[in-house]
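Participant: The following block contains the structure, expressed as structure tokens.
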Amino acid sequence: RTKLSGAGILYALPGGLLQERDKRAKWHGIPTLLQKLYESSHPNSDLSHAHSFLKVLSSQLSMEAMSFVTEDRKTAQESTFPNTYTFDLFGGVDLLVEILMRPTLTMQKKKPKSNLAARDDFVLFLFTLMTNKKTFLQTATLIEDILGVKKEMIQLEGIPNLSGLVQSFDQQQLANFCRILSVTISEPDVGNDDKHTLLAKNAQQKRNASPSRAEVNQVTLLNIPGFIERLCKLATRKVSEATGANFLQELEDWYTWLDNALVLDALMQMATEEAEQSRLFFSPAESSDESSLATSPLRHRLPQSMKIVHEIMYKVEVLYVLCVLLMGRQRNQVHKMLAEFRLIPGLNNLFDKLIWRKYTASNHVVHGQNENCDCSPEISFKIQFLRLLQSFSDHHENKYLLLNSQELNELSAISMKANIPEVEALVNTDRSLVCDGKKGLLTRLLTVMKREPPDSSFRFWQARAVESFLRGATSYADQMFLLKRGLLEHILFCIIDSGCTSRDVLQSYFDLLGELMKFNIDAFKRFNKYVNTPEKFQTFLTQINSSLVDSNMLVRCIVLSLDRFESQTEDVKVVEVLSECCLLSYMARVENRLSFLFRLINIINVQTLTQENVSCLNTSLVILMLARRKAKLPFYLNALREKEYAEKYPGCLLNNFHNLLRFWQRHYLNKDKDSTCLENSSCIPFSYWKETVSVLLGSDRTSLCAIASYIDEPFMDLDKDLLED
């Protein structure tokens, strides 16, 4: 059996023959309906007949569509969805496309492609149908589905009058349109980004030097007048809430069925249509009263909570688009607009009533940043909100917009008391754009963070968002602001006492702890006060040693801080903490630093380097740079050599490290942002990083600072070029 096109043999078959075969094959009259639809849809024919046939076909297919939604999107098969299968088998899809596009089609000699995703003309044509409010929802959903399977990303600039189209949308339509945009501005998902090797990524970047289609589409969107401003209004608009005591159960029951945004939107659209209809029969005073709408049959079946879920689902899509734009090449332009349109103060005002209500369930699994999330709208909303905060704060001076005026004054007071200058970004912050109310967004986030269960996946994203506020050049005032709110004790409780076993959560807490404690003598004093028994300290070390990939940033912080404190021996407070702090005393022992160095080099190689574990290479470099400053580099390199021989693998460790450093040169010397991050996070000039790597890679075997000097000739493997694989 072959699929027939819209102009195929089906429409020439005698009706009686078709009906007889229909009974035996149980086609439910679909071929006959398609034949009648074809006959009634010629140009200049009465389309009211075609409309009646379409309504019958629609009803037969819609029940299967609902089944598809509620059965976890199982692969469509003939036995599972017989009507859909029959409709497609007899050319229903091609016929509908032909009817849709008839005004724009010239006579085609070639048979149209059955794969709709391959037809750019059809996809672009669908966008023109979005100007009609009655067909907008169905068109948007169809475009979303097609783009989801389309092999090549569509270019937004090819859409006729895109700017006018977007400006014609009301807010509800714009929110739905964001579902489509999310596909067009995101780089193709080829798996978990962190798990892709840097070697493969670098090779890919060399092949594709020009901006990707996703990046071009981002620019196209930013050029639409008023686009970002409208997204900010959508993200921050309030929702009228009238929920009962059983709201959460009600929400879960509805969401079990309403697993598809299309179904939810369709229901809300019907409710809106009934509301409009009611206004035709009631006086303005009556129709403006929500009670009149509530008496309609559909509204009686739709709980008030559905309106909230509807709004939340919109906000998920809007926040996702804003987050992608914040991480793109136009980041500074987007940042400026988000600040100007008061996105952060608006989200702060929604935090308690919508974003983080106290009765939100938290028993859910961890979702990685690039995993497809099939969790509830509330959970998706929270995670997307936290990802946005992370992107907004990360290495950007606008991070201080997360505070209110009183909190900014507190930062100034901390700097003044410590007799250090205020951070320039803090001084330059526009006070008219910061958060309102008694608490800023960062402080609200800290409050809910402390209440989360130990293994809650929210903790991972919360810690990432707070850490991003601290990242960049270390700010003593920022650290003290958070230390005064008990953040260090909360982190240590999670790592040592809470029983948390989630590697994702622990990694995010290790990273946050490192940023919070770096170069801060008060933080190390607080650490020693909390970790006040050998048992607690041993538990802490066990957690660190269980996965150095997760904890190496904290190890780097301790090593860097120790090095700075050892140069401040004129400060009585520093000397006191140095002598008392168990953590600093532990890292001061050279055998412990060497142990970390051995393992950091041993757990990575060029072929397995990813964005996630490349930090192990940089931490090992920090240890060696600090050793070089004290003229102890030869001692460390010789210790690596002795370790190889003790393990009976001569040359293995040092050859691997040599290859890693050669990769480091190629990877970092062409990346401005990465080099800036290394410099800011370590307070070591990038020139010293480059110089140290060059010394280690020196070819002179008489140099005591060159790796080659410590590998015996029979085990030399330095000429093997693994970087071109």
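The values are calculated or read from the model by the stated rules, or taken from the named source; none is laboratory data. Only a predicted model underlies this, so the values are computations on that prediction, with no experimental measurement involved. Note that we place each Cβ from the backbone using ideal geometry, even for glycine, and neighbour counts take in every protein chain shown. Only protein heavy atoms, including side chains, enter the accessible area calculation; ligands, DNA and RNA are left aside. Shrake-Rupley method; radii C 1.70, N 1.55, O 1.52, S 1.80 Å.
Participant: Among the residues of the stretch 202-255, count how many are open to solvent by 60 Å² or more (accessible area, probe 1.4 Å), at pLDDT 90 or above and either β-branched (Val, Ile, Thr) or in a loop (DSSP other than H, G, I, E, B) (or both).
Facilitator: Looking only at that region, the number is 3.
Participant: Out of all the residues in the stretch 536-567, which are aliphatic (A, V, I, L, M), open to solvent by 30 Å² or more (accessible area, probe 1.4 Å) and in contact with a Phe, Trp or Tyr (Cβ under 8 Å, 6 or more places away or on another chain)?
Facilitator: Across the stretch 536-567, the qualifying residue is only Met553.
Participant: Scan the stretch 550-596 for residues that are at pLDDT 95 or above, of a type in the set (Val, Ile, Thr) and touching a helix residue (DSSP H, G or I) at 6+ places or on another chain (Cβ under 7 Å) and jot them down.
Facilitator: Val555, Ile558, Val559, Val574, Val577
Participant: Find the residue count for the stretch 494-534, including only residues that are of a type outside the set (S, T, N, Q) and farther than 18 Å from Thr474 by Cβ.
Facilitator: 15
Participant: Could you list, in sequence order, the residues of the stretch 643-656 that are closer than 12 Å to Tyr710 by Cα and hydrophobic (A, V, I, L, M, F, W, C)?
Facilitator: Cys652, Leu653, Leu654
Participant: Right, another one. Pairs needed: first member in the stretch 123-143, farther than 16 Å from Ile159 by Cα and assigned to a helix (DSSP H, G or I); second member anywhere, open to solvent by 10 Å² or more (accessible area, probe 1.4 Å) and of a type in the set (Gly, Ala, Ser); C-beta distance under 8 Å; at least 6 residues apart or different chains.
Facilitator: Leu137/Ala266; Thr141/Ala261
Participant: If we scan the stretch 445-455, do we find a residue that is modelled with pLDDT of 95 or more, among the charged types (D, E, K, R) and on the phi < 0 side of the Ramachandran plot?
Facilitator: Scanning the stretch 445-455 turns up no residue that is modelled with pLDDT of 95 or more, among the charged types (D, E, K, R) and on the phi < 0 side of the Ramachandran plot.
Participant: Enumerate the helices (runs of 4 or more DSSP H) found wholly within the stretch 425-533, keeping only those where 2 or more residues are among the hydroxyl-bearing types (Ser, Thr, Tyr) and buried (at least 17 other Cβ atoms within 10 Å of the Cβ).
Facilitator: Ranges flagged: 457-470, 503-517.
Participant: Do we find a residue being open to solvent by less than 50 Å² (accessible area, probe 1.4 Å), at pLDDT below 70 and over 23 Å from Ser40 (Cα atoms) anywhere in the stretch 68-87?
Facilitator: Yes: one or more hits.
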